[in-house]
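Working notes for the structure below.
Nothing in this text is a laboratory measurement; each read-out follows from the coordinates by a stated rule. Since the model is a prediction, treat every value here as computed from it, not as a measurement. Quick reminder, even Gly has a Cβ in these numbers, built from the backbone with ideal geometry, and neighbours come from all protein chains shown.
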Amino acid sequence: MTEQADIMRTQRRGFAAPGGFHDKLVHFLARALPAAVGALLAVMIIAPLSPRGEISFLLDRRKVAVLEDRMQVSSAMYRGLDDSGRSFSVTAGSAVQKTRTVPQIRLDQLTARILLDDGPAMLTAGRGDYNFDREIVDVVGPINFQTAGGYRMTTTNVDIDLGAKRLQSRGPVEGRIPAGTFSADAISADLSERSVTLEGNARLRMVPGKMQMP
Amino acid sequence: QHLFAQAIANHNSNAPVNYEADRIEVQDKAKRVVLSGNVDIAQSDLRMRAARTTVAYTDANGIKIDRIDANGGVQVTRGNENARGDVAVYDFNRNVITMTGNVALRRSGDTLNGGRLVIDLDSGLSSVDGRAGAGGSGGRVSGTFNVKQQN
């Protein structure tokens, strides 16, 4: 046998000699592992029986999440008849009615379609409250109105009376109509007559020449 | 009789027009704007003030103002020229302002009074004549001019 082979063999014998590290490790494991198996078995048998382990919950009526809106509709549509008996419709991306007492519905991305003498017209707004008893939509923020004939108007913060087809502003507004851009303390517009009345330091600016449609 | 007074020429009647009033009513069907309550209309250097005015416009392809009728103590100022009268009509197509009813024209010291004043905005020529309103009989025209003292 070569010299290296003899050296390797003696090393290995030394490692595996009785009372060495390896020998003690194996002795310990020989006793520890079966004990661990027994313990695990015991736990698995006893654990479900103990009362603490039962998983359940109590639904508490007060703590659960309550939806206080009374009614929530997405892509809602409301229909009605205006004073001259023609139908109109208000469609909205989402409509929320908070309480039963107030006939007020909060609309988002709303579009009102009405019929005028000279054809259909449309009002679009970002957000508004529709009072379906008085058929009035009061719009917060910008609103634009356009008729089939190409008449367009943009303004802000107005109440739309769908029955009488009139707009009424609550405060100072500015906007644009084919004639030009306007601003005033209050405006009222008759949609079928297409007339806009500006009240209180009214300003109108007409730029002859090219048409700037709102 | 006609008395002519030279003024700044070529007013651009296509310049933007700004209206200010207590109440403005825009009637789109009638293509008319009715203004009332110390009306103040400004177009580049021309300015017209009156109690009530009506603007007739067309918006076939782009806004075009046809005429402005003003009444109730009308005052037209342009540069150093200041004209006063009862009724004024600004005709955009002929670019002429016609004022009638005890008209007084004042320009840097000179004054001209008469029945009717016609301001031609293209040539800047303002002429006052005695006819009071629509072709009345020959009224008087009076005026004062201060002449430089050659001493």
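As a rough footprinting exposure proxy, the listed residues A:24, A:98, B:148, A:165 were ranked by other beta carbons within 10 Å of their own, and the order from fewest upward is B:148, A:24, A:98, A:165.
With the simple spin-label model, which puts each label point 7 Å out from Cα in the Cβ direction, the residue A:70 to residue A:87 separation comes to 2.6 nm. Extension gain for the segment residue B:91 to residue B:148, taken as residue separation times 0.36 nm less the Cα-Cα distance, is 16.9 nm to one decimal. Among the residues of A:182-189, the average count of other protein chain beta-carbon atoms within 10 Å of the residue beta-carbon is 2. The residues neighbouring residue A:202, those whose beta-carbon lies less than 12 Å from its own, together hold a net charge of -4 under the Lys/Arg +1, Asp/Glu -1 convention.
Sum -39500 (n - 2.57) across every DSSP H segment of at least 4 residues in the protein assembly as shown, then divide by the residue count to get the 222 nm mean residue ellipticity, nearest 500. Write down the numbers at each step before the final one.
Working: 2 runs with 40 residues, N = 365.
Mean residue ellipticity, 222 nm, calculated: -4000 deg cm²/dmol.
Under the 0.36 nm per residue contour assumption, what length would be gained going from the current alpha-carbon distance of residue A:62 and residue A:164 to full extension?
On the way: separation 102, 0.36 × 102 = 36.72 nm, distance 4.62 nm.
Residue separation times 0.36 nm, minus the Cα-Cα distance, leaves 32.1 nm.
Multiplying the residue separation of residue A:140 and residue A:77 by 0.36 nm and subtracting their alpha-carbon distance yields 20.8 nm. With a simple spin-label model that places each label point 7 Å from the Cα along the Cα-to-Cβ direction, the separation between residue A:132 and residue A:109 comes to 2.0 nm. With q set to 0.15, 0.20 Å⁻¹, the log10 of I(q)/I(0) for segment A:71-206, from the Debye formula over equal scatterers at the Cα positions, is -0.69, -1.16.
What is the mean number of Cβ atoms from other protein chains located within 10 Å of the Cβ atom of each residue in peptide B:25-38, rounded to a whole number?
5
Could you put B:29, B:64 in order, starting from the residue whose Cβ has the fewest other Cβ atoms within 10 Å?
Numbers: B:29 12, B:64 15.
Ranked by crowding around the Cβ, least crowded first: B:29, B:64.
Based only on other Cβ atoms within 10 Å, what is the fewest-to-most ordering of A:61, A:176?
On the way: A:61 6, A:176 17.
Neighbour counts put them in this order, fewest first: A:61, A:176.
Put a dot 7 Å past the Cα of residue A:26, heading toward its Cβ, do the same for residue B:108, and the two dots end up 12.6 nm apart. Other residues whose C-beta falls under 10 angstrom from the C-beta of residue B:82 contribute a net charge of +4, scoring Lys and Arg +1 and Asp and Glu -1.
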